[in-house]
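**Q** My questions all concern the structure below.
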Amino acid sequence: MSKDKAAIAISVMWAIWSSRNKYTHEEIKFQPSRSMDLIQELIQALHVPGMPSSGVTLGKAKWHPPAAGTIKINTDAAVDVSERRSSLGVVARDHLGTFVAGRCSKFPGVTDAYVAELLAVREAVLLARDNGCPNILIETDCQVIRNEWKNGDISSVGGHVLREIKSFLSNFQGFDIVYTRRDANVVAHRCANEGLSSSLNVISFNVIPDFLVALVQSDVDRRYDE
């Protein structure tokens, strides 16, 4: 078996095993559609070239600024299975691409990628609330979360976190969660990885940190590239 096919097989087996454990230990019913979404995201993360496609080659995705008056918050999570921990990165920017605020938060014991990504979205909501942002657009590269939010699926594994997020909506005039591809989410990804390497559990930024300056500027510059 080739490495590409092995990666696909491992992704499928992991999704089945994870669903089985959720049912056995947490009495959460099997959700085939969610498992298929997770498998697809795992394969995309592995950049498996042998996957069938529509024949259309996707160009590199770009970060796009929000409408004036709205703050976009990109979120991502990094998981360190060997150390049994994860780190969340959230970065808020305005319609000009200017850095507004950011945060890295470490969560010991969390090694499930979906749960870590969902906690990152919650962290974005808290960041927006703490900074008094009335209109926010949260961007995640986890399509499962976006679909669950859109469909109102709060009976999933992360249902309690989704309900907690909903409880904060009264703090905002405008709120939505949307999906973006990973290559348009590099700033949040870098922030999440910074959290893993830090000795602190929480790092908040009101001024752009040095490790994000070049990436934030690159996102702004790429908006004008054709």
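The values are calculated or read from the model by the stated rules, or taken from the named source; none is laboratory data. Nothing here was measured: the structure is a model prediction, and the numbers come from that model. Cβ coordinates were reconstructed from backbone atoms using ideal geometry, including for glycine residues, and neighbour counts include every protein chain displayed.
**Q** Across the stretch 97-126, which residue is nearest to the chain's Cα centre (by Cα) among those that are closer than 21 Å to Phe172 by Cα and free of Cβ contacts under 8 Å to residues at least 40 places away in the same chain?
**A** It comes out as Val100.
**Q** Are any of the residues in the stretch 70-79 in a loop (DSSP other than H, G, I, E, B), at pLDDT 95 or above and surrounded by fewer than 23 Cβ atoms within 10 Å (Cβ to Cβ)?
**A** So far as the stretch 70-79 goes, yes, one or more of its residues are in a loop (DSSP other than H, G, I, E, B), at pLDDT 95 or above and surrounded by fewer than 23 Cβ atoms within 10 Å (Cβ to Cβ).
**Q** Hey, can you tell me all the residues within the stretch 127-177 that are touching a residue at least 60 places away in the same chain (Cβ under 8 Å), farther than 21 Å from Ala113 by Cα and touching a helix residue (DSSP H, G or I) at 6+ places or on another chain (Cβ under 6 Å)?
**A** Ile136
**Q** Do we find that Arg93 is at pLDDT 95 or above and touching a strand residue (DSSP E or B) at 6+ places or on another chain (Cβ under 9 Å) in this structure? Give the steps one after another, and end with the answer.
**A** Details: at pLDDT 95 or above: yes; touching a strand residue (DSSP E or B) at 6+ places or on another chain (Cβ under 9 Å): yes.
When the stated conditions are applied, Arg93 passes them.
**Q** Determine whether Val100 is assigned to a strand (DSSP E or B), surrounded by fewer than 20 Cβ atoms within 10 Å (Cβ to Cβ) and modelled with pLDDT of 95 or more.
**A** yes
**Q** Ile177 passes all but one of (1) exposed (fewer than 14 other Cβ atoms within 10 Å of the Cβ); (2) within 17 Å of Ala92 (Cβ to Cβ); (3) in contact with a strand residue (DSSP E or B) (Cβ under 8 Å, 6 or more places away or on another chain); which number fails?
**A** Among (1) exposed (fewer than 14 other Cβ atoms within 10 Å of the Cβ); (2) within 17 Å of Ala92 (Cβ to Cβ); (3) in contact with a strand residue (DSSP E or B) (Cβ under 8 Å, 6 or more places away or on another chain), Ile177 violates only (1).
**Q** From the list Asp183, Asp225, which one is surrounded by fewer than 13 Cβ atoms within 10 Å (Cβ to Cβ) and either at pLDDT 90 or above or of a type in the set (Asp, Glu) (or both)?
**A** Numbers: Asp183 fails: surrounded by fewer than 13 Cβ atoms within 10 Å (Cβ to Cβ).
When all the criteria are applied, what remains is Asp225.
**Q** Going by what's in this entry, would Leu212 be described as in the same structural domain as Ser105 (by TED's automatic domain parsing), of a type outside the set (Val, Ile, Thr), surrounded by 18 or more Cβ atoms within 10 Å (Cβ to Cβ) and more than 17 Å from the chain's Cα centre (by Cα)? Please lay out each step first, then the result.
**A** On the way: in the same structural domain as Ser105 (by TED's automatic domain parsing): yes; of a type outside the set (Val, Ile, Thr): yes; surrounded by 18 or more Cβ atoms within 10 Å (Cβ to Cβ): yes; more than 17 Å from the chain's Cα centre (by Cα): yes.
Criteria met by Leu212.
**Q** Quick check: anything in the stretch 44-62 surrounded by fewer than 22 Cβ atoms within 10 Å (Cβ to Cβ), under 30 Å from Gln173 (Cα atoms) and either in contact with a Gly (Cβ under 8 Å, 6 or more places away or on another chain) or modelled with pLDDT of 95 or more (or both)? First the steps, then the outcome.
**A** So the first thing to find is which residues in the stretch 44-62 are surrounded by fewer than 22 Cβ atoms within 10 Å (Cβ to Cβ), and the list is 44-62.
Applying the additional criterion that residues be under 30 Å from Gln173 (Cα atoms) yields 61-62.
Those left that are additionally either in contact with a Gly (Cβ under 8 Å, 6 or more places away or on another chain) or modelled with pLDDT of 95 or more (or both): none.
For the stretch 44-62, residues surrounded by fewer than 22 Cβ atoms within 10 Å (Cβ to Cβ), under 30 Å from Gln173 (Cα atoms) and either in contact with a Gly (Cβ under 8 Å, 6 or more places away or on another chain) or modelled with pLDDT of 95 or more (or both): absent.
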